[in-house]
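Below is one structure. I have some questions about it.
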Amino acid sequence: MNLLFLLLAWSFPVMQEAPRADTTAAITPASAAAFADAFFSAQMDTLHVPGAVFVMVQDTSVLLAQGYGIADLATGRTVDPGTTLFQVASVSKLFTATAVLQLAEEGQVDLQTDVNTYLQALQVPSAFGEPVTLHHLLTHTAGFDERNIGYLARDAASVQSLGSYLSDRLPPRTLPPGTVLSYSNHGYGLAGLVVEAVSGQPFADYMNDQVMRPLGMTRSTFHLPLPDTLARHLAQGYRWAGTDHATVPLFFRNVPPAGALSATAHDMARFLLAHLNHGRLGDTSLLDTATVELMHRQQFTQHPRLPGMAYGFMEQHVHGHRALQHGGDVPGYRSLLFLLPDERMGFFVAYNASSPELRKALVSAFIARFYPATATTAPLTPNPAVELDAYTGAYIHSRHARKSLEKLYATFNESFYVWEDTDGYLVTPDGNRWVAVEPGLFRQQVTDAYLAFQANDDGRVTHLFRSIDFGGTVPAAYEKLAWYETATFANEFYLSWLLFLLLTWVFWPLSTAGSVIWRRWKNRARLRRTPGMHAARWMAALFGASVLWFAIGFVQKTLQMVQRGGGDLLYGMPPSLETVLWLPTVQAVLAIVLVGFTVQAWRKGYWGLPGRIHYTVFTLSALAWVGFAVQYNLIGHLY
């Protein structure tokens, strides 16, 4: 261990010691090593993590930089904090934000100016009477829709240029800028495109020349594919398959500024130190002190009691301490950069597994060990006079698709239900119980966490705001759903429609047979079947068969993708699923034809009164199905 610290002392420049806040006792290299060794030895096997890196810094020093476990199970290559690279995913956004702040510091961009002023490859469409600014992009408040289909490329050769991809795939604006936090990879892609346009350099080259090389981050890069000298040192990504580790192929992003960085722990230590020391690392000035303060300052929050967004960084409250952090998630890798600016303390962790559990456990253990609570929070009991009905119901995460068929997936995957229990507490799906402390603001029963609600001018609750713990908290906004927008309604509508369809297919043959038997018993002439009557029923049967075909095909193709890891749609729409998606458009045409046959049935007296009523109900249900398809953007290949 002594040799490691000597090597680190040679590797990192000496900086003038600045006063450290007196909020906590200094953490020593020995205590950092004891904590990390105990944690990773206890957790990695339990959580099926093959390999990890962990670096902890304080003031101007690296306290610990250590590798644990295996970088590549096939070869047995171990993790080395100085040479092993990990994909850090969305931690990359901190570097993109740093680059934008550099340009702002130099006067080349203004954070409050319309980004269209700087863009050349594309223009952001006008909406809501307000432009999108870099301030909005860096705080995830630009209001872009969510879009995942086609976000990745299967190999480096298939990666589009940033400008070309965003010109084709920039999501529509669906929220007024500066109003609701809605995390956006494409928003950070747009910020990276501004860096390209203003600097005149490709994004990866700018990051290398202006951010990483000045800090001495010589073994980290945004370039895809990785240079050969670095590629052989990249940790292999894995996911736990129940009994063993399955390899995960390398992801190639069409939006590198949002998450393409691959880095070593030693290099990340340099970035941490620069941000903890007013933008300086030795003689290198990455940013001026005022710029770092601006970047670290809260720039947006949904409520004063809730953590919010700085530029790039997300806030977290830690027992009276203010943390700035950002996590990174990509299949095969997880990461987290965590700063306590006032204490001038920080750490970085990355590992080659797909589960966030190690990261969550690490944050909890780190806080418990080094920044434990110094006071207890008094438990709250509900006030019976507070009506909770306005707050209960179904919500959906603001980061969801509204204008593409991904809306259907989001309805089932992103829904968040709030209810009142028998004791009068407001309850959320994580089991937390909440008590109203002021109108629209609830505190967790036994902690100082908060839940906030927003109402419109009519007093109707429209949004819920909270922090999500992914190992490092994420400020999150949710929109309240109407009853017909919920996953429960979608599921019940779909199953009811299929049941009605099956009953129809049973009713028609039975009604025909019953009519024949009744007419023979009464010695009445057989009802004459016209070509129009046959055509009407065949059209209804065709519509029903198309719905069943769509249902089976859509579910089957989706399940196949989930079984293969769920990533196929990220590379684009699979041709087999695209074929299935033609069916809702065909159904819309058939529904119009059914309306025509319904009118004709009543005018010409088809089938008798019960038959006409049933056909009318079927047509109305077909129109309802088309309305369902329109609501979830299933018509028109909207993806």
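The values are calculated or read from the model by the stated rules, or taken from the named source; none is laboratory data. Keep in mind the model is a prediction, meaning the values are calculated, not measured. Please note: Cβ atoms are built from the backbone with ideal geometry, for glycine as well, and neighbour counts cover all protein chains shown. Please note that ligands, DNA and RNA were not included when accessible areas were found on the heavy atoms of the full protein model with its side chains. Shrake-Rupley method; radii C 1.70, N 1.55, O 1.52, S 1.80 Å.
Counting heavy atoms of the protein chains only and a 1.4 Å probe, report the per residue accessible area for the chain as a whole number of Å².
Values: 27370 Å² over 639 residues.
Here the per-residue accessible area is 43 Å².
Here is a further query. Given H placed 1.01 Å from N in the peptide plane, which residues other than close sequence neighbours of Val248 have an amide H under 5 Å from its amide H?
For Val248, whose amide H was placed from the backbone, the distant partners under 5 Å are Gly237, Tyr238, Arg239.
With axes computed from alpha carbons, what is the tilt in degrees of helix 185-199 against the longest principal axis of the chain, rounded to the nearest 10 within 0 to 90?
50
For region 62-195, what log10 I(q)/I(0) values come out of the Debye formula at q = 0.16 1/Å, with one point per alpha carbon and no solvent?
-0.87
Return one number: the angle in degrees, 0 to 90 and rounded to the nearest 10, between the long axis of the Cα atoms of helix 487-521 and the longest principal axis of the Cα atoms of the chain.
Tilt relative to the chain: about 10 degrees.
Once every DSSP H run of n ≥ 4 in the chain is given -39500 (n - 2.57) and the sum is divided by its residues, what mean residue ellipticity at 222 nm do you get, rounded to the nearest 500 deg cm²/dmol?
On the way: 17 runs with 236 residues, N = 639.
Mean residue ellipticity, 222 nm, calculated: -12000 deg cm²/dmol.
Amide H neighbours of Thr462 under 5 Å, counting only residues 5+ apart in sequence or on other chains, H built in-plane at 1.01 Å?
Amide H neighbours of Thr462, under 5 Å, 5+ apart: Gln454, Ala455, Asn456.
Amide H of Thr221: which non-local residues (sequence gap of 5 or more, or other chain) have their own amide H closer than 5 Å, using H built in the peptide plane?
Ser262
Please list, in order along region 448-462, the HN-Hα scalar couplings obtained from phi with the Karplus expression 6.51 cos²θ - 1.76 cosθ + 1.60 (θ = phi - 60°), rounded to whole Hz, x for Gly and Pro.
Taking θ as phi minus 60°, the curve returns 9, 7, 10, 10, 10, 10, 10, 10, 8, 5, 8, x, 7, 5, 10 Hz for region 448-462.
If you don't mind, another one. Which whole-number percentage describes the relative contact order of the chain, with Cα contacts under 8 Å and a sequence gap of 6 or more?
Working: 1118 pairs, mean separation 91.7, N = 639.
14 percent.
Evaluate the relative contact order of region 206-363 (contact order divided by residue number), counting alpha-carbon pairs under 8 angstrom at least 6 apart; express in whole percent. Walk me through the numbers on the way to the answer.
Details: 241 pairs, mean separation 30.7, N = 158.
Answer for region 206-363 is 19 percent.
If you only keep lysine pairs separated by 8 or more in sequence, or across chains, how many in the chain come under 22 Å at the Cα atoms?
Total qualifying Lys-Lys pairs in the chain comes to 5.
Moving on to the next point. Roughly how many Å is it from the Cα centre of region 37-79 to that of region 582-623, as a whole number?
Region 37-79 and region 582-623 have Cα centres spaced 65 Å from each other.
Determine ³J(HN,Hα), in whole Hz, for all residues of region 218-228 in sequence, where each value follows from phi through the Karplus function 6.51 cos²θ - 1.76 cosθ + 1.60 and θ = phi - 60°; x replaces Gly and Pro.
Here the 3J(HN,Hα) series is 7, 10, 9, 7, 9, 5, 10, x, 5, x, 4 Hz.
Distance between Cα centroids, region 443-484 to region 266-288: provide it in whole Å.
Their Cα centres are 35 Å away from one another.
With θ taken as phi - 60° and the coefficients 6.51, -1.76 and 1.60, list the Karplus ³J(HN,Hα) couplings across region 437-443 in order, rounded to whole Hz; mark glycine and proline as x.
Calculated HN-Hα couplings, in order: 10, 6, x, x, 10, 10, 10 Hz.
When P(r) over Cα pairs in 20 Å bins from 0, in percent is calculated directly from the model, which label among [x] 15, 42, 37, 6, 0; [y] 17, 45, 27, 9, 2, 0; [z] 18, 52, 27, 3, 0 fits?
Evaluating P(r) over Cα pairs in 20 Å bins from 0, in percent on these atoms matches [y].
Something else about it: In the chain, which longest range has no GluC sites (Glu not before Pro) that are both DSSP loop (not H, G, I, E or B) and surrounded by at most 15 other Cβ atoms within 10 Å?
Details: sites that count: Glu17, Glu106, Glu387.
For GluC sites (Glu not before Pro) (loop position, at most 15 other Cβ atoms within 10 Å), the longest site-free span of the chain is 107-386.
State the extension gain, in nm to one decimal, for the chain segment bounded by Thr422 and Thr462, taking 0.36 nm per residue of separation less the distance between their alpha-carbons.
Contour length minus Cα-Cα distance gives 12.0 nm.
Pop the C-beta distance of Ala541 and Thr284 into the FRET formula with R0 = 60 Å and round what comes out to the nearest 0.05. Don't skip to the answer; put the middle values down first.
Numbers: r = 74 Å, r/R0 = 1.23.
FRET efficiency, Ala541 to Thr284: 0.20.
Which FRET efficiency, nearest 0.05, do Thr218 and Trp582 yield, Cβ-Cβ r, R0 45 Å?
The pair Thr218/Trp582 has a calculated efficiency of 0.30.
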